[in-house]
Amino acid sequence: MKRVLVVGAGPGGSATALALRQAGLEVVLCDQARFPRDKICAGGLSVAAQRELGALGVHERVLAEAHPLAQLRLFGPGGESWTLREARSVVLPRRRFDAILVDAAVRAGARLEEGLRCTGLVAHEGRTVGIRTATGELEADAVVVATGVHAARPGAALAPDAPGPRRLLAVERRFDGPFFDPGAMEMVYARDLLPGYGWVFPESRTRANVGI
């Protein structure tokens, strides 16, 4: 049986591990963190994302915990605004969303290696055959690097001239109170934030995730 190492157990890595297990491959899912763990993220899941979750068989588990939304409000740098109705998006904090996907991959038969930091890829005869860690090497027939904004790090030894990862900075905090509409997510493209943005994403009828 072909063995695949998936480096990074965020949504991309866990979804990949789950799909590979459903295809009958042996999968080892690695992450430097231990779950559950949080990530700075508004936590919104679009209709398209939910469609993919349905194909993986985890949509109902996500909906059981997610907060439903009916509108998306956009605020432009000139003070203009738009409201998109019937958005049908949902919000689920990354601590829970990522844990659901990791659990689904493990239930499907993937082996989870937590607290394992990948320091590089191992290649022989031009083909990637594993990863290097602080405690040694793990071999495989293929490696999927799903480490998000840190994607260039494991592959640096194989592509030393590739550009490094861009530095992305974000802050968030959760607030309780009546200051937001619990049925609408808001994205603010203020002039002094560009090319970044701000957000207010309800996680329940009484709590919102606010970030920049």
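Where residues in region 61-95 are of a type in the set (D, E, K, R) and free of Cβ contacts under 8 Å to residues at least 24 places away in the same chain, which of them is least open to solvent (accessible area, probe 1.4 Å)?
Checking each candidate, the answer is Glu80.
When you scan region 40-48, do you find a residue that is of a type outside the set (D, E, K, R), more than 20 Å from the chain's Cα centre (by Cα) and modelled with pLDDT under 95, even just one?
no
Condition first: buried (at least 17 other Cβ atoms within 10 Å of the Cβ) and either touching a Cys at 6+ places or on another chain (Cβ under 9 Å) or among the small types (Gly, Ala, Ser) (or both). Now tell me which residues in region 179-197 satisfy that.
Ala184
Residue by residue, here is whether (1) of a type in the set (A, V, I, L, M); (2) modelled with pLDDT of 95 or more holds:
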| site | (1), (2) |
| --- | --- |
| Gly13 | no, yes |
| Arg21 | no, yes |
| Leu25 | yes, yes |
| Asp38 | no, no |
| Arg51 | no, yes |
| Gly54 | no, yes |
| His59 | no, yes |
| Ala70 | yes, no |
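Mind checking whether some residue in region 45-60 is polar (S, T, N, Q) and free of Cβ contacts under 8 Å to residues at least 60 places away in the same chain?
Checked against the condition, which is being polar (S, T, N, Q) and free of Cβ contacts under 8 Å to residues at least 60 places away in the same chain, region 45-60 yields at least one hit.
Restricting to region 22-53, give me the number of residues that are in a helix (DSSP H, G or I) and open to solvent by less than 40 Å² (accessible area, probe 1.4 Å).
Residues that pass the stated criteria total 3.
Can you find, within region 96-134, the residue that is farthest from Ala146 (Cα to Cα) among those that are without any contact (Cβ under 8 Å) to a residue 24 or more places away in the chain and under 21 Å from the mean Cα position of the chain (by Cα)?
Step by step, filter region 96-134, then rank; the result is Arg107.
Only one of (1) modelled with pLDDT of 80 or more; (2) touching a helix residue (DSSP H, G or I) at 6+ places or on another chain (Cβ under 8 Å) fails for Thr133. Which number is that?
Against the list (1) modelled with pLDDT of 80 or more; (2) touching a helix residue (DSSP H, G or I) at 6+ places or on another chain (Cβ under 8 Å), Thr133 comes up short only on (2).
Out of (1) part of a helix (DSSP H, G or I); (2) crowded, with 22+ Cβ neighbours inside 10 Å, the odd one out for Ala19 is which?
For Ala19, the exception is condition (2).
The values are calculated or read from the model by the stated rules, or taken from the named source; none is laboratory data. Computed from a predicted model, the values in this text were never measured in an experiment. Don't worry about glycine lacking a Cβ; one is built from the backbone with ideal geometry, like all the others, and counts go over all protein chains shown. Only protein heavy atoms, including side chains, enter the accessible area calculation; ligands, DNA and RNA are left aside. Shrake-Rupley method; radii C 1.70, N 1.55, O 1.52, S 1.80 Å.
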